[in-house]
1. With Rg and the Kirkwood Rh both taken from Cα atoms, where does Rg over Rh land for the protein assembly as shown?
2. Once phi is turned into θ = phi - 60°, what whole-Hz ³J(HN,Hα) does the Karplus curve with 6.51, -1.76 and 1.60 give for every residue of region B:183-194, x standing for Gly and Pro?
3. Would you calculate a helix-derived [θ] at 222 nm for chain B, using -39,500 (n - 2.57) for each DSSP H run of n ≥ 4 and dividing by the full residue count, to the nearest 500?
4. Round to the nearest 10 and give me the degree value, 0 to 90, for the angle of helix B:265-291's Cα axis relative to the longest principal axis of chain B.
5. Fully extended, how many nm does the chain gain between B:Val144 and B:Asp221 (0.36 nm per residue separation, minus their Cα-Cα distance)?
6. Amide H of A:Val404: which non-local residues (sequence gap of 5 or more, or other chain) have their own amide H closer than 5 Å, using H built in the peptide plane?
7. Taking the simple approach of a point 7 Å from Cα along Cα-to-Cβ for both A:Thr396 and A:Leu520, what is their distance in nm?
8. Can you list the aspartates and glutamates whose alpha carbon is less than 12 Å from that of C:Lys144, not counting same-chain residues fewer than 8 positions off?
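The values are calculated or read from the model by the stated rules, or taken from the named source; none is laboratory data. None of these values were measured; they are calculated from a predicted model. Note that we place each Cβ from the backbone using ideal geometry, even for glycine, and neighbour counts take in every protein chain shown. Surface areas here come from the heavy atoms of the whole protein model, side chains and all, with no ligands, DNA or RNA. Shrake-Rupley method; radii C 1.70, N 1.55, O 1.52, S 1.80 Å.
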Amino acid sequence: MVAMTEAIESAPAGTTEFTVVGNSPAHHDFQDKVQGTLRYGADWKLPGMLYGKVVRSLQPCARITAIDTSAARELPGVVAVLTASDVPFNKVVDNASGGLGELTVAQPVLAEDRVRYTGEPVALIAATEPEIAAAAVDLVDVSYADLPGIFDPEEALEPEAPLVHEAGNVLVNWRIGRGDAAAAMAAADVVITGEYRSQHVEHAYLEPESGVGWSDNGVLTLRVSTQVIEHASQIARILDVSENKVRIIASYMGGGFGGKEDMTVEPYLALLAWHTQRPVRMVWDRQESILASTKRHPFVMRYRTGAKADGTLLAQEIDIIGDAGAYPCLSARVLFAGAALAAGPYRVPNITTRSRAVFTNNVPASAFRGFGAMQVVFGYESQMDKLAERLGLTPTEIRDRNQVSKGDTIPTGESLHTAVELTATRDLALARLGPRSTATGPGCRVGRGFASGMQPYGRTIWFRDHASVWLTLQTDGSLLIRSGVTDLGAGQAASLCQIASEVLGAPLEEISVYIGDTALNPPAGGTFATRQLYMSGNAVLSGARELRDSLAAVAAEELGVPPDTLVWRDGMVRTADSSGQNRGIRLAELAQMCQRRGVSTSNLHTWRARGGEFDPEAGQGDSFPDYTYGTHAAEVEVDTETGVVRVLKYAASHDVGQQINPVRVQGQIQGGVMQGLGYALMEDHALIDGQPVSTLFANYLIPTTMDMPDIEVDVVESGEGCGPLNARGIGEPPVGPCAAAIASAIKDAIGVRPNRLPITPERVLELIDEQAAGRVAKDGDHE
Amino acid sequence: MTGAFEYQLADSWEEAVELHRIWGEDGKILAGGQSLVPMLNLRLVQPAGLIDINPIGAVEPRVADDRLVLSALTRHQDLLRSPLVREHCPILAEGAAQIGNVRVRARGTVGGSMCHADPSGEIPCMVLALDGQLIAHSPRGQRVIDAERFLRSYLTTDLAEDELLTEIRLPIRKHGQGWAFLETVRRYSDFATVEVAATATLSSDAHTVTALRVVVGGVADRPLILSDELLSAAVGGTGRDDELRAVGAAAAATVSPESDVHASADYRRRLTEVLTYRALGKAIERGRAESKGAGV
Amino acid sequence: MTKTQVQLRVNGRTHELWVGTNRLLLDALHDDLGMADVRYGCGEGVCGTCTILLDGEPVSACLLFAVQVEGREITTLTGLPAADAESHPIQDCFLQAGAAQCGFCTPGMMLTALALVERTERPTREDIRYELVGNLCRCTGYTKIVDAVEEYACRRRGNGSHD
């Protein structure tokens, strides 16, 4: 049978313009989200389902002398009460540290003889009703004997400090070094010092940690809100079963931001479902989430920056201390990113950076959008501003003299191999601010500032990262994408559809993407490190091209043209002749032809990131695949009588290489700025002796509509990036420059530079007071 | 997850009073529920009985004997929407607009806020500034309580165990009286760090400030009325900047707030000074406009 | 614990259920009636993910008990009258503006916005921000949400221009 071919309207031949990529179709998850029909982690209910709760430590540092669960067990409706002795293998072991910063400390799933932070899980409850499970929590009687705790990471470094773990309080000590920083510093015309402090920050995704678990055919399945389905292997170890007996399905997340990168509900659901052999749902209370979920690391950053009189940087000496809290989680990697990026996008020929993660009896800190590379922006940008002031240069001039360019070498010793469009982003952001606003009241002052930043995308290079995808053209011409990607709400899955549609010409509405299932999807690695567009996007791009190549052979034969002249668009493959009489085959027909000829319409593809080595002794080597650069500019009004800071205007510009979906790119930038402004001005998960002072969503403050200005976005497309079609990642980068831009604007308004976050109204007044009392150095740094 | 409780409906104030008597301290009155239900959800309070007085319903705000009469069940949003409130006690609309969010204002009640007696709550501060009276009912009859007496301490009122707040009466605004309610919050929609409610009365020629009343919230265990002595720098004056600043400074010197997670004592004192000064300025400006008949 | 029968009128339909007196309206809607568009986010009335319209007014379903709302009209996002078979105009506006990312806050956000536009024909951006202050979003930075509500108000007025 001869395939049906048909003449269709002519399309421009050999065009390199994209038809799907670069547009912002409101498709896929957007539809369900505005309909309210998307099913999140808490939205499944199974027959006979139980409700799980975690009993948590109320002490930050204590020996457990006894746990009496009898009253809880006797409560009608309680089905199971589990403690450490019920856990087959009571350790959370992250076996992916990649040979660097090997972790010698493991976190217990349930505390055994000792608790190390307030909120640490001690026991588990499963009951027939959520209200009963909550009541049972109150009935578990844990007896504690207080131990001396340590709550300040700098104090934890003292020789006589109480040990959080026997192995010592320093989890990791990274060094990055190049040239001779001490000698260069001694020879510098000017040396600027600065100390900068950041705070614990809560992710505060609107969807609390949640999921359901059940056991079926000897396989434990968890459907949870998670960024990382690969935790299935850890669950298998905890249950002491082989990995093929654990399946994890990721629901579309109601936000994650790194907070669902470590396990949250998974081990507890697994244990309860395994023990009871009944389905179990667990949803953490918001207050529980604020208390016990991981946080962004507070950093203490000390900078010494040496420069020539003309502003050229000669040397940096940087010391970073990050509060890891009670257990390792991802601290080793966060502090590595802090070390690698500590100098920012500036040429520094001589540098010594030390970056330590230190255990305390505070809540564990781990991944949070920006991952160590965002905290240091406040440090390096403040230093640049101070250097400019000292030398009588403008902030723009000092940056122009030192900014990195493509081909430059950064402190880790690697060279930058894609475009660095910092100047373009800066010009755009500054221009966006428009005319300067006038103050609205007598005690009010307006100020402006900007800050640039660079943020890696993709995992540290020594992980030899890879992602797989499986594409299938169905016999009706529709396309299936199967990928282990998890979707945070940033369009991770939808972007894959756009890329596949661009390559294969299948219309978006005929593409389904099945994601986040360890049993049915090829592994993509988790969604973190701004890696999914980079990794899975590349996997889809090259996998779809491979599939297209095999389909093209059939189509080319049928149409009698060379395969590389075919155009794939609008559900068809067609000839690209310029006669205006080009012919085409519908993808459905093509799939059927392939089937008849025994040509597979399915392709499983693995894409591998560039590899490299890092020498931790020398502090030199390859670190990250590439970086996303950007600049933010802010205008604020400071009420000098109340200290209240209002952000009047905010503009953000990033080079994303090539936009896949412009609306989603803007959304990432606007949302990142919102988190960055919260971090700069109000968010603080403060702890006093390990106990959080904000335990409610009413007093852990995230910005509201009224706290936010409209965020103006300008996107630069350099056409250079390591992602698919030269895209760069944009998930984390927008959160970085905010605090530094705001601090700089406040300095402009009041004449004194904040060096501690968040910059609350009370702190602003303190700064103004210090200035009035003459305790402020000429460059605006308070002494 | 709330603990178990008996749920009781009251269709009338009489029924509510009776149920309140029966349950005693084991029972809690459920009005708007915007403070109580979070505490129930967090298991901070676990009453045996919950007496829902919502079915009683609120009569519309009305004016009687030169007083604005509000049912205890008047919702915050009614203060914003009632033309009568805007005309006779406009400060209530100004302050209510700063309460929580649209959902809190839709359910939260003025009586509930008074009984909750949060020292930084907007309603207690304004009711005290207006020198309001609170009507309580018990099996023993009715009692009229001055706001100053009603607000005893942190989350504590003058109500006896068997008394229920049913009504609030507020003197209506006189000619030439201006008002202002100002607060600072750490984040929009939050409880105030410090708040100030002020009224200012001007002479008929709009020249002289003849009377002031200022209440500061968030600086003690209850909202504080600034004494006549503290206000003396501005009463009899013309509302000059230095007069108002003097009152602000005197107020700041008087209050002795505590430090907590939201703000230090010192910062609260600073805010007391600034907000008092600014509220006075705004109230006097409005009073002047009112007395000139210009309206605002 | 003893349960009591309640009749809930939700999205124009009456449901009879047996609930404990301490059953939150949120849990009754989400778990007993399976309404995934009414979501637990904090239990404090702060975040707005459980926003419903109670006789047309936005309220927190986490601060009401199911037994309290007999005889009241409850509207959730999925109960909005659709302009076409698919969606309500405000949903179209959110879709077109890209005003949802993770989508968790979206139903509550739209219900609050609807109630605003019902009362205020021409809300300014500042009006919209004021009204939505109790609906927290951690993804979008709010700019596109305000855009979407502005556009909806404009469409509802029946002219194509923002004035």
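1. Result for the protein assembly as shown is an Rg/Rh of 0.98.
2. Going residue by residue, I get 8, 10, 10, 6, 8, 3, 6, 7, 4, 5, 6, 9 Hz, with x marking Gly and Pro.
3. That comes out to -10000 deg cm²/dmol.
4. That works out to roughly 70 degrees.
5. Gain in length upon complete extension: 25.5 nm.
6. Answer set, sorted by chain and number: A:Tyr346, A:Arg347.
7. Between A:Thr396 and A:Leu520, the label points sit 5.5 nm apart.
8. Within the straight-line limit of under 12 Å, C:Lys144 reaches these aspartates and glutamates: A:Asp710, A:Glu712.
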